[in-house]
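Some notes on the structure that comes next.
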Amino acid sequence: MDRCVVLVDAGYLLGAAASLLAGEPARPRITVDHTALIQGLRERAEADTGSPLLRIYWFDGAPDRVPQPEHRRLRVMPRVTVRLGALTRSDGRWAQKGVDAAMHAELTELARNRACADIVLVTGDGDLLPGLMSAKEHGVAVHLWAVQAADGDYNQSEDLVAEADERRVLDRAWITRAVRLSDAVPAGARPGVPRPEIAAILAAPLPETSAPAAGQSPARHESAVGAKNGVARPPEQTCHPEPREAAGPASKGVPTPKDLASLGRPVPPPATATLRWSSDRGWVDRGASEESPETAGLPMLSQLTTAEQRWADREEDITAVSGDPFEVGQVFARRWAERLSAAAHLQQLSGEYPRIPHRIDGELLRYAARFGLLAHKDDQIDEQDRYAIRAGFWREVDTRTGAERAS
């Protein structure tokens, strides 16, 4: 059959592209236009082999083999088949399991069945050497493609390079047609520093940073704050402590859920106390009831969505939503706001910042779970991802209400 097939090891292709553009093989450092990338692979394969494309096989790892957003977009593209191996974490590093075996099986099966005349391999793993040699024995021409190495050296197995019939290098100019540095993690940025949108939510003050209570000296207030935060005052400031006050709720303040959990049994706060509740690393003072009747009456997205809209939402999730946590929050808030029948609901929600009502917040996180944000974190959304999801939600609400919030 005078046709060509492309087998892509996505871990190699995107990891090497990240090394070339960002200096490290971290795929979050790059943003990929998968439509442009697939089109570029197809055009290059047909030009190099002189045969029409039969199919592109995309091999990648995924936590518990659950398709990630990019996999869902790829598998609905024409002439693209996605094959997923497992993605496991060991000694603090992620590793693919089963991807090489799947590529080897597909390579030998295509050659044995004479499904094509040319096979293009985009990989650097020497474990595919037996499959490559088997394909050659069945009369298939094997083309090996490499991504330009950041240091100018090989980033492929030398045995694989030596055994291939043809070899091509995808240079920086070709790679940058579909791959660029991610805006979310700019080059040179320190790891762990949240984006400004997330920082705005994280900046909500803790009660311990509030002003001194009436009758309390600034020095004592500072000492109390330092003690609660695990910061001891310098010896020269504690040489002459003031007389201790009687222990009790007034001296300790309103207990947090963490304080209550450290006791042997649950101790409810006084009936007149103000509960402290936190949604985004910022404490928010609330009354004894968790939610006001007005907040509890806010509709959920599922209540506002028709069957036709649900189908359209699913199509958009598969083809247009990247799965970035911040974008996920924006998409959810956009749909919720656009389907409201009462504009007052949006203003009412805006007044709840930074706390998202429990029912809506739970629905938001369940929606985020569709994008694989839970799968590699033991069914728990990562803390920074939760902040990003909620920050995206509030950014969309803020855009629609025009409200200005201090960071």
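At a glance:
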quantity	calculated
Enumeration of residues in segment 300-326 that are free of Cβ contacts under 8 Å to residues at least 60 places away in the same chain and not polar (S, T, N, Q)	L304, A307, E308, R310, W311, A312, D313, R314, E315, E316, A320
Residues within segment 1-14 that are surrounded by fewer than 20 Cβ atoms within 10 Å (Cβ to Cβ) and either farther than 28 Å from V140 by Cα or of a type in the set (D, E, K, R) (or both), tallied	2
Residues (surrounded by fewer than 16 Cβ atoms within 10 Å (Cβ to Cβ) and in contact with a helix residue (DSSP H, G or I) (Cβ under 9 Å, 6 or more places away or on another chain)) located in segment 82-92	A86, T88, R89
Within segment 306-356, considering residues that are in contact with an Asp or Glu (Cβ under 7 Å, 6 or more places away or on another chain) and of a type in the set (S, T, N, Q), the one nearest to F393 (Cα to Cα)	Q330
Residue among L20, L37, L14, L41 that alone is under 17 Å from the mean Cα position of the chain (by Cα), assigned to a helix (DSSP H, G or I) and of a type in the set (A, V, I, L, M)	L14
Filtered residue count, segment 328-356, keeping only those that are modelled with pLDDT of 90 or more and not hydrophobic (A, V, I, L, M, F, W, C)	6
Tally of residues being in a loop (DSSP other than H, G, I, E, B) and either modelled with pLDDT of 90 or more or in contact with a Pro (Cβ under 6 Å, 6 or more places away or on another chain) (or both) across segment 358-379	1
Of all residues making up segment 105-131, the number that are over 19 Å from D60 (Cα atoms), among the small types (G, A, S) and not in a helix (DSSP H, G or I)	2
Members of segment 95-116 that are of a type outside the set (A, V, I, L, M) and surrounded by fewer than 14 Cβ atoms within 10 Å (Cβ to Cβ)	K97, E109, R112, N113, R114
Single condition A307 does not satisfy, out of (1) surrounded by 11 or more Cβ atoms within 10 Å (Cβ to Cβ); (2) modelled with pLDDT of 85 or more; (3) among the hydrophobic types (A, V, I, L, M, F, W, C)	(1)
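The values are calculated or read from the model by the stated rules, or taken from the named source; none is laboratory data. Predicted, not measured: the structure shown is a model, and the values here were computed from it. Using ideal geometry, Cβ is built from the backbone for each residue, glycine included, and neighbour counts are taken over all protein chains shown.
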